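Please read the structure below before turning to the comments.
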Amino acid sequence: MPHAHLILSASLLMATGAIANDAPSLPDPARSSGLAPAKPAIAAHAGAARAKAATLVEPQLRVARSNAAGRPRVALTFDACMGKTDDRILSVLVSERIPATIFVTARWLRSNPQAVTILRQNADLFEVENHGQNHIPAVDVPASIYGIAAAGSTDAVRQEVAGGADAMREAGIAPPHWFRGSTAKYDASAIRQIRTMGYKIAGYSLNGDGGSMLGAAVAERKIAAARDGDVVIAHINQPTHTAGEGVARALLTLKKRGVEFVKLQDVEQTGDHDTTRNIATAIGQ
């Protein structure tokens, strides 16, 4: 989605269930015309869900630094949410032999067979990981994030993750070990659930394209400034957005700087909110 992973300063969900400023407020049944206030049990349940949703986190992720002068280490990650393929970015990655980790949804896989073939033909360059089945936020309570309805239950979170992995297998892609959900926001119980399914959760340290909504010059400047240990997130599914032009140029700039490009699978990583630690430790076993 064009707005996924926007780093715009959005307030966390408040106890009223609304997302301040950046998304439409959820209706208040007690104030809706002609509707009676919710029954106490229902209201209590809704209040608990809203309180839980208010603890959404957007995990950070970094890779081990190279600590080599003039040779910073950077992990490029690209989300292929749905829609098409940004060949401006993909062609640079292939022609310049720049490694990257690509997070794909089942929807994108179905719509982009030619790009999938390129990923498979360049397995040395591309680590392909799980971005979900339908690009639904992996949050197990009802919530709206940047206007996108969350999965809303543990079963729906499980289906979003498992459905993405199933689609990858059907496309002939190796089983995934990382998951990144739509909007990159989660609640703590969803994080634990996804970890118990065998995944690390991919946050990031540098938002390169603002959900593909930044202008070309801004995206180029942000990504070109990547530092040792950064995990960059950008989008590879918006060929009509100007951000992609800037992303492609930044890749060339980073290469000229002598950056060591790495895939997530190739180096040690550190994520907060128990997203990368040993699974047994993360879930308290």
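Nothing in this text is a laboratory measurement; each read-out follows from the coordinates by a stated rule. As the structure is a computational prediction, the values presented were derived from the model and not from experiment. Backbone-built Cβ (ideal geometry, glycine too); neighbour counts: all protein chains shown.
Values as computed for the structure displayed
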{"quantity": "Ordering of 235-247, 215-227, 194-206 by burial proxy (mean other Cβ atoms within 10 Å per residue, highest first)", "calculated": "235-247, 194-206, 215-227"}
{"quantity": "Kirkwood-Stokes translational diffusion coefficient of the range 156-285, alpha-carbon pairs, 37 °C, 0.692 mPa s, µm²/s", "calculated": "201 µm²/s"}
{"quantity": "³J(HN,Hα), Karplus 6.51/-1.76/1.60, whole Hz, each residue of the range 224-233, x for Gly, Pro", "calculated": "5, 8, 4, 10, 3, x, 5, 10, 8, 10"}
{"quantity": "Pairwise Cα inverse-distance average, inverted: Kirkwood Rh of the range 114-197 (Å)", "calculated": "13.3 Å"}
{"quantity": "HN-Hα J in Hz across the range 194-207 - Karplus 6.51, -1.76, 1.60, θ = phi - 60°, x for Gly and Pro", "calculated": "5, 5, 5, 7, x, 10, 8, 10, 8, x, 6, 10, 9, 7"}
{"quantity": "The range 65-282 shape via C-alpha gyration tensor axes, a/c threshold 1.5", "calculated": "prolate"}
